[in-house]
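**Q** Got a structure here, written out as C-alpha cells. Questions coming.
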Amino acid sequence: MIATPEYNHSIPGVLKNAIDWMSRPGPQEALAGKPFAVIGASGGPWGTRLAQAALRQVLYATGSLVLPAPALFVANAARLFDESGKLVDGPSRERLSALLTALSHWADLVSAGGATRPAPPAR
C-alpha cells in the first residue's frame, strides 16, 4: 500500500523519484507484477484525488497491479486524527478496513496468477 499526500495536484517529487529507482530494469524489478493499493489524506476538501490518479498512472507504467476498488480519499484529515496521529473517525476507519480486506484478497488473486495486465509500454 502506498499512501500519498497531494502537492500541487500530484504526488510528491520524492515519491516519484523512489518509484523511478525501484522500477529500474535489473535482474528483478521491484514493482512489476506486485499488488498495490493507493490511498491518501489531505487537509483540504479533495482528499488526494488528483495525487492518487497520478500515482496510479505511475504505478501502471511500472507494471504494478493496482487494486481497482475500493478507493479511500481522506479529506479534511486534521479533524479525523487525534493528537497522537491515530485515525479516530469511525467512517474513515471502516473504509480503511474495507480497503485492507480488499487488498488482502487482491494480493491472494495476484499471487495465484488470477490478476494480470498487459505489459506496460517500453521505457
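**Q** Can you give the calculated 222 nm mean residue ellipticity of the chain, where each DSSP H run of n ≥ 4 adds -39,500 (n - 2.57) and the sum is split over every residue, rounded to the nearest 500 deg cm²/dmol? Could the numbers behind the result be given before it?
**A** Numbers: 3 runs with 45 residues, N = 123.
Per the formula, -12000 deg cm²/dmol.
**Q** Taking amide hydrogens as modeled 1.01 Å from N in the peptide plane, which residues meet the under 5 Å criterion relative to residue 81, leaving out close sequence neighbours?
**A** Here 88 satisfy the definition.
**Q** Moving on to the next point. Would you work out the charge dipole size for the chain about its Cα centre, treating the Cβ of every Lys and Arg as +1 and the Cβ of every Asp and Glu as -1, and quote it to the nearest 20 debye? Could you put the intermediate results ahead of the total?
**A** On the way: 11 positive and 8 negative charges, 57 e Å.
Magnitude of the dipole: close to 280 debye.
**Q** Read phi for every residue in the range 69-80 and hand back ³J(HN,Hα) as whole Hz from Karplus 6.51 cos²θ - 1.76 cosθ + 1.60, θ = phi - 60°, with x for Gly and Pro.
**A** 6, x, 9, 9, 10, 9, 9, 6, 4, 4, 7, 9
**Q** Now for a different question. Rounded to the nearest whole Å², what accessible area per residue is found for the range 17-91 with the 1.4 Å probe? Provide the component values of the computation, followed by the final result.
**A** Values: 4120 Å² over 75 residues.
Computed with neighbouring chains in place, this is 55 Å² per residue.
**Q** Within the range 56-106, what whole-number % of the accessible surface is contributed by carbon and sulfur, with the 1.4 Å probe and all protein chains included in the calculation?
**A** Working: 1730 of 2950 Å².
Summing carbon and sulfur atoms, their accessible area is 59 percent of the total for the range 56-106.
**Q** Now for a separate question. Convert each backbone phi in the range 4-13 into a coupling constant with the Karplus relation 6.51 cos²θ - 1.76 cosθ + 1.60 (shift: θ = phi - 60°), then list the ³J(HN,Hα) values in order as whole Hz, x for Gly and Pro.
**A** Once θ is set to phi - 60°, the couplings for the range 4-13 become 10, x, 10, 10, 6, 6, 8, 7, x, x Hz.
**Q** Okay, next question. Using alpha carbon centroids, what distance separates the range 1-33 and the range 65-98, in Å?
**A** Result: 21 Å between the Cα centres.
The values are calculated or read from the model by the stated rules, or taken from the named source; none is laboratory data. None of the values given here were measured: they were computed from a predicted structure. Neighbour counts are summed over all protein chains in view; Cβ atoms, including those assigned to glycine, are modelled from backbone coordinates with ideal geometry. When the accessible area is computed, the model is the full protein with side chains, heavy atoms only, and any ligands, DNA or RNA have been set aside. Shrake-Rupley method; radii C 1.70, N 1.55, O 1.52, S 1.80 Å.
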